[in-house]
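Visitor: Have a look at the structure that comes next, please.
Quick note: the coordinates plus some simple rules give every number you see, no bench work behind them. All of these numbers come straight from a predicted model, not from anything done at the bench. Here the Cβ positions follow ideal geometry from the backbone for every residue, glycine too, while neighbour counts run over all protein chains shown.
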Amino acid sequence: MTGDLTPELLGTPEWTDQMVAAAGIPMHDIPFLTAGGGIGSFVTLDYLRIYGVPTSQMRVVSNIDYPWQTYEFLTRCSQIPRPERIRSDSSSRPDNLWGFPSYALEEAWKEKNPAFLWQILTEPILNDYWTPRAGTVFANLEREAKRISYWDMLVKGQVRMVRKRVGGGYFTVVTPPEGAAPTKRIIFRSRFVHIAVGYPGLKFLPDLQEFRQKYGDYQHVVNAYEPHEQVYEFLKTRPGTVVIRGGGIVASRVLQRLFDDREKLNLQTQIVHIFRTFVSGSHGPHIWMRRRGGDGWAYQGFNYPKSVWGGQLKAEMRKLEGPARAQKYKDMGGTNTPKRRRWQEQMRAGRNGGYYHAVQGTVEKVEPAQDGRLISHVRSKDGTIRQPVADYIIDCTGLEADIAEHRVFADLLQYSGAYRNPVGRLEVERHFEVKGTRNGDGALYASGSATLGGYFPGVDTFLGLQIAAQEIADDLARRGFCRKMGPLRSTSQWFKWAFNSTV
Amino acid sequence: MVPTLFGRIQTRLFLLATVGVIITLLIVPVLPGASGPIGPRYVSGFLVLASVAILGVLWEFLYHFLMQFRWEKDWPTSFGLLTLIPEGLLLFFLLRSGVASFIDPVPTAGQFWTHFVVVWICVWLTANGPMRVPFIRWRFRGGRVL
């Protein structure tokens, strides 16, 4: 097949238009391109459409059909189907950059349920945080995607790399789906490129990875982000034991599913929960920095302390560099989960009923027993060695792979001057331009998980993606790509959103 | 909106100067037991509003300090509503005790509380939603308007 990358292109950091033409790869001009096509790309395009950029100026390159596709897959696997509630604030709305009306107002209005308003008023003191249903989020994303003509901008394909162009701007190399184009690759020539390709990949716990490879068993040792319905189906057929690894929101969700099934179907499931870090109470360096915890868990409403999205922590982090920034990330970091009343009840019942056992420990290895079940060798800090035998092990740790596992980032780090931040991910400016990649009048931006460790901490969240999108849109306005949004235009655009009329 | 110290102060002053002024203009003529010429009643109403703003700057320092004990460094929605109780009581006491003697005529209890509570609730409601419509950067800057 013609029109492929040549050794010359692969080995040259900055390409000329002639080099691309000589390789026979078709080239298309588009001023702004976003790579990824998930929620990060979506909210950025949403901002820019609302700032006044026409669809003809922008393209999104993606291997998924709609922006919430990957998110919905991952939430469904980790036990949040559409009717269940996600862990996100009521006013973090990726379909509505103003965050007003919040999801709570919308659900209260649509379902004529004032209890939601009471909950949002009294959260988190008298009530749990109110959080939206996954289905509410997806339905609204669909509405907004139609409103901004998202699909007019979508180009299906896999982004292979982004390279600097001699004379300014960037080339984005895309592998189109089989049969969609006459050449193996196509190239977009752009002044601005935005990369929001999401998590570079899931990383398994090393001992579980070893087990899977050694014994070729991918059925009994599973990651919570993989489809693993077979675990719950098995437990419906006979009593069994499950080992849960990890102390985050996904562990909470999986536990809830096991407890719910146990209750509803009268099952005899036994649960062994292994925490590497077992939190037994409030923890933190001093009185002004103490997080609640207990029974193994560290408790926090959302995946970051609330003030990272606009309060004190956001303001503080914005000023920090190098080791000071890394330290701040460490201080507020650590796996955590919300302290929801329902979950607390279920765990209490499990402890009292002798079917939920939470232990501290490091797993040294996992082996098959003679009957085919799984033995975990667990060593606790106090020297105790336990060997729980289970039918299934669910890895709920959600470890993320290194950014260089994603070849777009690997290429940027190698050829385009991008470098790592104090926590090892992609270093970006306060306005989310990737440091070291500026080229002529062009700019390369990145948002999402790959940029964790920057001046703004909550990057891999709905509101964090919107904060990044706003910084990017304002930077593009400074560069003359679009008009800056003032109070009057914002208000008029909000009315358009409210009446679902085109931007 | 999760506030910073300067964000709190700016939001308070901004909302009292906009929403607070509008509500005061509308409500003063219909306050319970209202009598006498409208001019001095407006003067008195706006002085009460100004006192809420000035005393409020001091209150915000206290709230900011209390917020430091919270891991999240946030300020739940209900706190923003319930703080009307200590603030209202202090101001009412100052009015009654004659410390704020420049406010004359001193509003009756009914007039003061009606005015104070209506302004407070309108400001609180605005800060919890509609404020984000014209000011898209406000909530990400800890409530700073400038």
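Visitor: If amide hydrogens are placed 1.01 Å from N in the peptide plane, which non-local residues have theirs closer than 5 Å to the one on residue A:130?
Guide: Under 5 Å from the amide H of residue A:130 lies no amide H from a residue far enough along the sequence or on another chain.
Visitor: Once both labels are modelled 7 Å past Cα along the beta-carbon direction, what's the residue B:81-residue A:84 spacing in nm?
Guide: In this crude label model, residue B:81 to residue A:84 measures out at 3.1 nm.
Visitor: Residues of the stretch A:34-78 with backbone nitrogen within less than 11 Å of a virtual label 7 Å along the Cα-to-Cβ line of residue A:483, please, listed as ranges.
Guide: It comes to A:51-53, nothing else.
Visitor: If you plug each phi of the stretch A:196-206 into the Karplus form 6.51 cos²θ - 1.76 cosθ + 1.60 with θ = phi - 60°, what whole-Hz ³J(HN,Hα) values come out, in order, with x for Gly and Pro?
Guide: 9, 8, x, 5, x, x, 8, 10, 7, 4, x
Visitor: Still on this structure: Tell me which of A:309, A:251, A:270 sits at the most positive position along the dipole axis of the stretch A:247-345, charges placed on C-beta atoms (Lys, Arg +1; Asp, Glu -1).
Guide: A:309
Visitor: How high is the relative contact order of the stretch A:180-282? Use alpha-carbon pairs under 8 Å, at least six apart in sequence, and give a whole percent.
Guide: That works out to 23 percent.
Visitor: Under the 0.36 nm per residue contour assumption, what length would be gained going from the current alpha-carbon distance of residue A:27 and residue A:210 to full extension?
Guide: 61.4 nm is the gain from fully extending residue A:27 to residue A:210.
Visitor: For the protein assembly as shown, what does the alpha-carbon gyration tensor say about shape, rounded, prolate or oblate, given a ≥ b ≥ c as the root eigenvalues, a/c under 1.5 as rounded, and a/b over b/c as prolate?
Guide: Since a/c reaches 1.5 but b/c is at least a/b, the shape of the protein assembly as shown is classed as oblate.
Visitor: In peptide A:479-489, what is the residue-averaged number of other protein chain Cβ atoms found within 10 Å of each Cβ?
Guide: Working: counts 0, 0, 0, 0, 0, 0, 3, 3, 5, 1, 2.
For peptide A:479-489, the averaged partner shielding equals 1.
Visitor: Just from its helices, what would the mean residue ellipticity at 222 nm be for chain A, if runs of 4 or more DSSP H residues each count -39500 (n - 2.57) and the sum is divided by every residue, rounded to the nearest 500 deg cm²/dmol?
Guide: Mean residue ellipticity, 222 nm, calculated: -10000 deg cm²/dmol.
Visitor: Return the distance in nm (one decimal) between the two label points of a simple spin-label model at residue A:146 and residue A:122, each offset 7 Å from Cα along Cα→Cβ.
Guide: Going by the 7 Å Cα→Cβ label model, 3.7 nm.
Visitor: If each of residue A:16 and residue A:112 carries a label point 7 Å out from its Cα toward its Cβ, how far apart are those two points in nm?
Guide: 7.2 nm
Visitor: Using unit Cβ charges (K, R positive; D, E negative) and no other charged atoms, how large, in debye to the nearest 20, is the dipole of the stretch A:81-139 about its Cα centre?
Guide: Charge dipole of the stretch A:81-139: 140 debye, to the nearest 20.
Visitor: I need the shape label for the stretch A:52-153. Rule: rounded when a/c is under 1.5, else prolate if a/b > b/c, else oblate, with a, b, c from the alpha carbon gyration tensor.
Guide: Working: a/c = 2.68, a/b = 1.69, b/c = 1.58.
Note, shape of the stretch A:52-153 comes out prolate.
Visitor: Could you derive backbone 3J(HN,Hα) for the stretch A:24-29 from the dihedral phi with the Karplus parameters 6.51, -1.76 and 1.60 (θ = phi - 60°), listing whole Hz in sequence and x where the residue is Gly or Pro?
Guide: So the Karplus estimates, Gly and Pro as x, are x, 8, x, 10, 10, 9 Hz.
Visitor: Using the crude model of +1 on Lys and Arg Cβ and -1 on Asp and Glu Cβ, and no other charge, please compute the dipole size for the stretch A:8-164 relative to its Cα centre, in debye to 20.
Guide: 180 debye
Visitor: If you average the sequence gap of Cα pairs under 8 Å that are 6 or more apart and divide by the length of chain A, what percent do you get for the contact order?
Guide: 20 percent
Visitor: Average projected area of the Cα convex hull of the stretch A:81-139, in nm²?
Guide: 3.8 nm²
Visitor: Which entries of A:164/A:328; A:146/B:73; A:146/A:264; A:203/A:339; A:164/A:184; A:110/A:156 have Cα-Cα distances beyond 28 Å here?
Guide: A:164/A:328; A:146/B:73; A:146/A:264; A:110/A:156
Visitor: Roughly how big is chain A's charge dipole about its Cα centre, with Cβ charges of +1 (Lys, Arg) and -1 (Asp, Glu), in debye to the nearest 20? Could you put the intermediate results ahead of the total?
Guide: Details: 66 positive and 52 negative charges, 217 e Å.
Dipole magnitude for chain A comes out near 1040 debye.
Visitor: Quick check on chain B: helices-only [θ] at 222 nm, where DSSP H runs of length 4 and up contribute -39,500 (n - 2.57) each and the sum goes over total residues. Nearest 500, please. Walk me through the intermediate numbers first.
Guide: On the way: 6 runs with 86 residues, N = 146.
Mean residue ellipticity at 222 nm (helix-derived): -19000 deg cm²/dmol.
Visitor: Enumerate the residues in the stretch B:4-33 having an amide nitrogen under 20 Å from the point lying 7 Å beyond the Cα of residue B:106 toward its Cβ.
Guide: Flagged as within label range: B:31-33.
Visitor: A follow-up question, please. Could you grab the relative contact order for the stretch A:85-213? Cα pairs under 8 Å, six or more apart, rounded to a whole percent.
Guide: Value for the stretch A:85-213: 16 percent.
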